[in-house]
Amino acid sequence: MHATKDPAKSITVALIGNPNTGKSTLFNSLAGVRQHVGNYPGATVEKKIGQFTIAGQPFDLVDLPGTYSLAPRSPDEMVTVDALLGRLAEEPAPDVVVCVLDASRLQQNLYLFSQVLELGRPTVLVLNKMDLAEAQGTSVDVAGLSSRLGVPVVAMQAHRKLGLETLRQTIQQAVEQPARAGESPFPEVFRREVADLQAALKPAAAESLPRYLIERLLLDSGGWLEQAGLPGVDNGAMQQVRQARARLAEAGYPVPAVEAMARYDWAARTLDGLVKTSETPSRSGSDRLDGILMHRFWGSLIFALLMTLVFQAIFIGAEPLMEGIEDGIGWLGQRLDYVLPEGVLRSLLQDGVLAGVGAVLVFLPQILILFVFIAVLEDCGYMARAAYLMDRLMSRIGLSGKSFIPLLSSFACAIPGIMAARVIEDRRDRLTTMLIAPLMTCGARLPVYTLLIAAFIPAHRVLGGWIGLQGLTLLAMYVLGLLVAVLAAFVLKRTLLRGETPPFLMELPSYQWPSPATVVRRVSENGWSFLRGAGTLIFTVSVLVWAAAYFPRDPAVEAEVRSGYAPQIEALQQRAVELAEGGEDGDSAARVELEQERAELKATISRHVAGAYMEHSYLARAGRVIEPAVEPLGWDWRIGCAVIASFPAREVVVSTLGVIYHLGEGQDERSESLRDTLRGATWPGTDRRVFNIPVALSLMVFYALCAQCAATLAIMRHETGTWRWPLLTFTYMTVLAYAGAWLTYHIGMQF
Amino acid sequence: MKKTVHDLIPLRCLTPGQMAQIGAIVGDPNQAHRLAELGLRHGAEIEMVRGGSPCVLRMGGQQLCFRHTAGLDVLVRPAGAL
């Protein structure tokens, strides 16, 4: 994907701006298809880099996350500031910073720009959405603004690619300009305190802190930055900072309020006489649309219909695609039967590698479909309205309206749900949402529920015949997941993810037609991100579980099973001999019957061989090791074993139960024989049944609450950049699942 | 024109369509600073578009969705009271 370029000669351009300024559209227009996504170490921020050339000169374009302010309060926000200041290891400082402003909200957007100016990098101001500003009756004197700021200003309509060529030329010229320390908008007394602090910190620090970070340190009375490990910032330094804050408060410039005062004053001074606004802004089409879409009743109804459509599309629309993938993988596996002899290699390729690839690919349809909807809804501006509508509900459990769509999507599959949680800016809300998303009843739990409900829950009708008991049980599992999720969110927000809730203030962007290019790019980015981030891990786990179920593969196991069938084989052979002795005119019907019996016996033996191998596998040993732990739940070692095997994906429990109960491979939840076998299974050496209703319910409750899904944990690792959160999720969900299953079993046994 | 603190009412008391100027944001200064970064600050002119919680405000060509949180009070001076 990379063009051959001399990295020493490549020029780095950073792109920054408020959300909803059209920054991403601009990034895509400049970089085209020459872009890739990475991660900043230790942060959940995606690093988007695009490449373009102007007159043979290569440029690297770094897209920084949209933000209203460069005031770091979390590692993610710090990454943006560090990237702009060139403080990241192995990342060059940007040669040019392009700051995108929405012309229709110029004064507000100048807040961020005044921070960018202070970084002292060569800067280009892009005045985007000029058409929207004009439609709202605002006109801007672009040349006047440029000369007053001393910075090149480019007026643009990025979605129409108007002004793109001018921007390219301006960027190229800006590189030549010397970097100058931006003028500070702060009052004199504040600037003096900053200069004093800088002088005081200098000897202690190996690298001297840029002025901007000293300002931030002084302004950050919330206390995040002092713990961020800045060089030279120790207790002594913080003592001086606190003294400086006290002096500033005394002088009538309390931190952090002084920043908003200073920057907005500066913005007002800068725009004075350059911006004309017509007195009566007309009620726009956007407002009329909001009258319906944000209406308490009609808006909610439209949202509910829309979500039904999204949900149906993920749940049902993805089904044929997922089946297609599974069929394709299955077909490839069958081909291997002809190509390879039976043995470890064939088994590895069929049940390890192909199953692993299938386990990864099978999630793609749901991810892609969900992100088509999300990208369209986001790009047209509806997403913020949806968050508004759902905020009243979600704020009751301590989250905001932005958590609704990720959680709803998790009812189809937690993986796209967790990926969709990226839109939540607040870190605590985002983590809480990701941590409770796997409790939503996803599609992979359905096979487990279907099998167990059909096998053990009587098809009675209750409540006057209106509702079937089986359906009610399924509903109960959905409700259980939801209730526990609400409780988990409640607890998480009060313990691990405790902290002051920032005020919820969200911009509602103007409606616009979604751009197909943006949608396609968003969707493909998310698809790749999943394959890259979680695919390898899901694959690895699948292969490992295959190995555990396959090895040690002692041939004596097979020989023993076969010797157990020796009398039957002998009897069949005897009858064959008798038939042959009967002469040429022997009964052909008897011959056919004999052949059938022979085939049936062969199939029975091979099922028993597969079952016996499974019983002697490492997986079974693990199942026996954990048997004392699962016995209180009413399970035997075989159920324990199937639960372990389902770690790559929950639905695997069904096919594992099939093998372990000697039904051979390829059993699914609709299989009658699997149901019958489960009903008839007994504890070894007794005629006590393994399964009864309490055991089935306990297994269902376990699956409702457990995190037996490697893919979910892998994507969580990818999205948070650390193993901490997936491990926590696995632990808390497994504990809950165990406790829930135990309670269910013991309460159930009372009846 | 006399402006006293008595003119100030909580933001949530505005009715849809009513214009006002933000008179004070009372509470944790760090929280207030976050609001200021998005433009919700002392002196800003707003119009209540939709009441309730969360409410929708119009402010300088943009619309904002705002939920009242405990420990932070936005006090406004309704346009009629100026």
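Only one entry of A:Leu633, A:Leu678, A:Leu619 meets the criterion of being among the hydrophobic types (A, V, I, L, M, F, W, C) and more than 18 Å from A:Ser698 (Cα to Cα), and that entry is A:Leu619. Scanning the range B:41-76 for residues that are outside any loop (DSSP other than H, G, I, E, B) and either within 8 Å of chain A (Cβ to nearest Cβ) or more than 15 Å from A:Ser400 (Cβ to Cβ) (or both) yields a total of 21. Residues in the range A:379-400 that are out of contact with any strand residue (DSSP E or B) (no Cβ under 8 Å at 6 or more places or on another chain) and touching a residue at least 60 places away in the same chain (Cβ under 8 Å): A:Asp379, A:Cys380, A:Tyr382, A:Ala386, A:Leu389, A:Met390, A:Ile397, A:Gly398, A:Leu399.
Would you be able to tell me the number of residues in the range A:28-52 that are of a type in the set (Phe, Trp, Tyr) and more than 23 Å from the chain's Cα centre (by Cα)? Matching residues across the range A:28-52 total 1. Among the numbered conditions (1) away from every other protein chain (no Cβ under 14 Å); (2) surrounded by fewer than 20 Cβ atoms within 10 Å (Cβ to Cβ), the only one that A:Gly66 does not meet is (1). Whenever a residue of the range A:614-627 is farther than 12 Å from A:Val545 by Cβ, its partners that are part of a helix (DSSP H, G or I) and at pLDDT 85 or above, lying with C-beta atoms within less than 6 angstrom and at least six residues away or across chains, give the pairs A:Gly623/A:Gly640; A:Ile626/A:Gly640; A:Glu627/A:Gly640.
Does the range A:409-421 include one or more residues that are touching a helix residue (DSSP H, G or I) at 6+ places or on another chain (Cβ under 6 Å), closer than 18 Å to A:Ala488 by Cβ, modelled with pLDDT under 85 and away from chain B (no Cβ under 14 Å)? Yes, there is a match, as at least one residue in the range A:409-421 is touching a helix residue (DSSP H, G or I) at 6+ places or on another chain (Cβ under 6 Å), closer than 18 Å to A:Ala488 by Cβ, modelled with pLDDT under 85 and away from chain B (no Cβ under 14 Å).
If I go through the range A:107-116 residue by residue, how many of them are in contact with a strand residue (DSSP E or B) (Cβ under 6 Å, 6 or more places away or on another chain) and either more than 14 Å from chain B (Cβ to nearest Cβ) or not polar (S, T, N, Q) (or both)? Summing the residues that are in contact with a strand residue (DSSP E or B) (Cβ under 6 Å, 6 or more places away or on another chain) and either more than 14 Å from chain B (Cβ to nearest Cβ) or not polar (S, T, N, Q) (or both) in the range A:107-116 gives 2.
Taking the range A:649-674 as the range and being at pLDDT below 75, touching a Cys at 6+ places or on another chain (Cβ under 8 Å) and not small (Gly, Ala, Ser) as the test, only A:Ile660 passes. Checked against (1) more than 7 Å from chain A (Cβ to nearest Cβ); (2) over 9 Å from the mean Cα position of the chain (by Cα); (3) closer than 26 Å to A:Pro256 by Cα, B:Gln21 meets all criteria but (2).
Filter the range A:72-100 down to residues that are buried (at least 23 other Cβ atoms within 10 Å of the Cβ) and not in a helix (DSSP H, G or I) and give me whichever is farthest from the other protein chains (Cβ to nearest Cβ). Restricting to residues being buried (at least 23 other Cβ atoms within 10 Å of the Cβ) and not in a helix (DSSP H, G or I), the top hit is A:Val96. Restricted to the range A:288-370, the set of helices (runs of 4 or more DSSP H) holding at least 1 residues that are out of contact with any helix residue (DSSP H, G or I) (no Cβ under 7 Å at 6 or more places or on another chain) comprises A:298-312, A:318-339, A:344-347. When residues in the range A:221-231 are screened for being farther than 20 Å from A:Ala83 by Cα and either in a helix (DSSP H, G or I) or away from chain B (no Cβ under 14 Å) (or both), 0 of them pass. Among the criteria (1) buried (at least 19 other Cβ atoms within 10 Å of the Cβ); (2) over 27 Å from B:Pro54 (Cβ atoms), the one A:Ile424 does not fulfil is (2).
Meeting the requirement of 3 or more residues that are in contact with a Leu (Cβ under 8 Å, 6 or more places away or on another chain) and within 21 Å of A:Ala739 (Cα to Cα), the helices (runs of 4 or more DSSP H) wholly within the range A:607-664 are A:637-645.
Considering A:Leu451, A:Leu472, A:Leu480, the condition of being over 18 Å from A:Pro406 (Cβ atoms), assigned to a helix (DSSP H, G or I) and free of Cβ contacts under 8 Å to residues at least 24 places away in the same chain is satisfied by A:Leu472 alone. Suppose the filter is in contact with a Phe, Trp or Tyr (Cβ under 8 Å, 6 or more places away or on another chain), more than 14 Å from chain B (Cβ to nearest Cβ) and over 20 Å from A:Pro438 (Cβ atoms); does A:Tyr511 pass it? Considered against the rule, which asks whether it is in contact with a Phe, Trp or Tyr (Cβ under 8 Å, 6 or more places away or on another chain), more than 14 Å from chain B (Cβ to nearest Cβ) and over 20 Å from A:Pro438 (Cβ atoms), A:Tyr511 comes out as no.
Would you check if there is a residue in the range B:27-34 being part of a strand (DSSP E or B), under 12 Å from the mean Cα position of the chain (by Cα) and either facing chain A (nearest Cβ under 9 Å) or farther than 28 Å from A:Ser221 by Cβ (or both)?
Checking the range B:27-34: not a single residue is part of a strand (DSSP E or B), under 12 Å from the mean Cα position of the chain (by Cα) and either facing chain A (nearest Cβ under 9 Å) or farther than 28 Å from A:Ser221 by Cβ (or both).
Residues satisfying the criterion are absent from the range B:7-15 (criterion: within 11 Å of another protein chain (Cβ to nearest Cβ) and touching a residue at least 12 places away in the same chain (Cβ under 8 Å)). Please verify whether B:Arg34 is of a type in the set (Lys, Arg) and either surrounded by fewer than 19 Cβ atoms within 10 Å (Cβ to Cβ) or touching a residue at least 40 places away in the same chain (Cβ under 8 Å) (or both), treating the condition exactly as stated. Spelling it out, it is not the case that B:Arg34 is of a type in the set (Lys, Arg) and either surrounded by fewer than 19 Cβ atoms within 10 Å (Cβ to Cβ) or touching a residue at least 40 places away in the same chain (Cβ under 8 Å) (or both).
The values are calculated or read from the model by the stated rules, or taken from the named source; none is laboratory data. Just so we're clear, the structure is a prediction, and the values are computed from it rather than from any experiment. Methodologically, a virtual Cβ is constructed for each residue, glycine included, from the backbone with ideal geometry; neighbour enumeration extends over all protein chains shown.
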